[in-house]
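Engineer: After the structure tokens below, expect a handful of questions from me.
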Amino acid sequence: FEVDLYQNESACQTPLDRQYHEEILKLEKAGGRKNCRIFTYTDHDRFTNLEEHCQKVTDSDHEVPSYLAERMANVRRRRQDRRSIEASSLKSKIITWEPSEEFVKNNHVINTPVQTMYIMGDLGPYGKLGHREYEHVLCTVKVDDNGVITVKPDFTGTKEAYRIELDGEKREVWKYTIENASVQVQPEEEEREQRVFRDTFILFICFFLQTLPGTLRLFVNGEIVSAQGYEYDNLYVNFFLELPDQWSSPAMQQLSGVTQTCATKTVGWDNVAYFCYPFTLEMFFTQGDESEDSLPQWPVLYFAVLSLDFWQRYRVEGYGSLVLPASPGLHVLTIPTWRPVELGTVAELRRFFIGGSPELEDITYVRIPSTFKGERLSRFGFRTETTGSVTFRLYCLQQSKAFLETSALRQRMQSVLDRLGGFSQQSSVYNVLEAFQRARRRMQEARESLPQNLISTSASTVQQPQEP
């Protein structure tokens, strides 16, 4: 269709149309097109606007486009419509304090510039090629501003060929496949690409570790999975993280949180409330004095389980604490809880009818109170009752720039980790790093001891391999 249209210079309206006219003249001088059925429409062609505007959601002939379909059909997403906005030529308002309804409709759309190409097939009968009613889209290729290439439908591969059934007397059926005909990358180029990726990744890790503010960075992706074995229904968990001395966290890091209220379900003999509540913790440990009087401690997660009933009466179901795991990896921990109790039936009647129960003024009393300064902590006379348990799933990540430093710093870091939590698994990491550094030094010393002419000869031999 385009060949017949742009053969006449009078039909050319845009510079792209004139370019097509010149290319068609060159094709005719060279003997015409080799393939008369397969052609393309690019992002700048008129077909692209019509194709994107006339798309339907269903195959019904009486389909009425919805509001969203109309809005998305009118979105200009292609790259040629983007205009760079300079700071000096910015005339529109940055903030619209009183937006109108039409303004909201026009701007509340994701605007991602996309370049589109349609691979078309002229499926008309022989002798009637070039008619628009016989044009069918075989494949759509889109490239967005992020460099993502989308091919629809996908490459055939091991699947069956795609089918197009035509409407008419003969009911012709066309089958076609889509193959990736890109030139395979050479082994040398693939190895060079992998080397670049590896070097870039190592440089990024080195830069990131050098910017760490502390000796050790601990990153925890946690999840409060469930709570089971409690007396009342509709449970929620309130938690916070205590950072000991020499530990710090980013300014925007939230060290406390509360889950949603969750109803329980009977699983076996227990009533279980599944929270699946995610949280993220990031903290840094800065090495200080290594005196035996001030041993470093590990962060502790304190939590309280409470219940809330229909009459908005809440009850403390249990307290617990969790010392964050000292080793990296996945940890699934079930922590038992307890709650304070009073003697006599009056306290239990008050708890049942009007809610409320004895609470801890300082939740750190679960372990060692933060205000305790003595040598011995006595809990004589403090009555408690064992309640249910809470299950946590923790993904722990540890990072330290000491892994890349000298042997003395690594030994110092090893002592810190041992004092923090007994890192038996870290010893193998240090051994591997030290062995690698020793092997690297031996290789450099051996290279320096070799004659320079031998090194240059071997390098030139590697760069220019001889053909067999």
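Engineer: Considering each residue of the range 332-351, count those that are assigned to a helix (DSSP H, G or I) and under 12 Å from residue 307 (Cβ atoms), and give that number. Explain how you work it out, then say what you get.
Structural biologist: Taking the range 332-351 as the starting set, the residues that turn out to be assigned to a helix (DSSP H, G or I) are 345-351.
Within this subset, residues satisfying the condition of being under 12 Å from residue 307 (Cβ atoms) are 351.
Adding up the residues that qualify gives 1.
Engineer: In the range 352-391, how many are loosely packed, with under 12 Cβ neighbours inside 10 Å, among the β-branched types (Val, Ile, Thr) and not in a loop (DSSP other than H, G, I, E, B)?
Structural biologist: Number of matching residues: 1.
Engineer: Name the residue, out of 269, 311, that is assigned by the TED database to the domain that holds residue 229 and farther than 23 Å from residue 238 by Cα.
Structural biologist: Sole residue among the options that is assigned by the TED database to the domain that holds residue 229 and farther than 23 Å from residue 238 by Cα: 269.
Engineer: Which members of the range 379-411 meet the condition of being modelled with pLDDT under 80 and polar (S, T, N, Q)?
Structural biologist: Listed by number, the residues that qualify are 400, 406, 407, 411.
Engineer: Another one. Between residues in the range 359-371 that are in the same structural domain as residue 321 (by the TED database) and residues that are surrounded by 12 or more Cβ atoms within 10 Å (Cβ to Cβ) and part of a helix (DSSP H, G or I), which pairs lie under 9 Å by C-beta distance while being six or more apart or on different chains?
Structural biologist: Close Cβ pairs (under 9 Å, with a partner that is surrounded by 12 or more Cβ atoms within 10 Å (Cβ to Cβ) and part of a helix (DSSP H, G or I)) amount to 360/366; 370/364; 371/364.
Engineer: Now, a different point. Looking only at the range 158-199, count every residue that is open to solvent by 90 Å² or more (accessible area, probe 1.4 Å), more than 20 Å from residue 38 (Cα to Cα), assigned to a loop (DSSP other than H, G, I, E, B) and not charged (D, E, K, R) and tell me the total.
Structural biologist: 4
Engineer: Still on this structure, I have one more. Here is a check on your reading of the model: is residue 231 among the acidic types (Asp, Glu) and either not in a strand (DSSP E or B) or not assigned by the TED database to the domain that holds residue 358 (or both)?
Structural biologist: On the way: among the acidic types (Asp, Glu): yes; either not in a strand (DSSP E or B) or not assigned by the TED database to the domain that holds residue 358 (or both): yes.
Spelling it out, residue 231 is indeed among the acidic types (Asp, Glu) and either not in a strand (DSSP E or B) or not assigned by the TED database to the domain that holds residue 358 (or both).
The values are calculated or read from the model by the stated rules, or taken from the named source; none is laboratory data. In this text the structure is predicted, and so the values were computed from the model without any measurement. Cβ atoms come from the backbone with ideal geometry, glycine included; neighbour counts cover every protein chain shown. All accessible areas refer to the heavy atoms of the entire protein, side chains included, with ligands and DNA or RNA removed. Shrake-Rupley method; radii C 1.70, N 1.55, O 1.52, S 1.80 Å.
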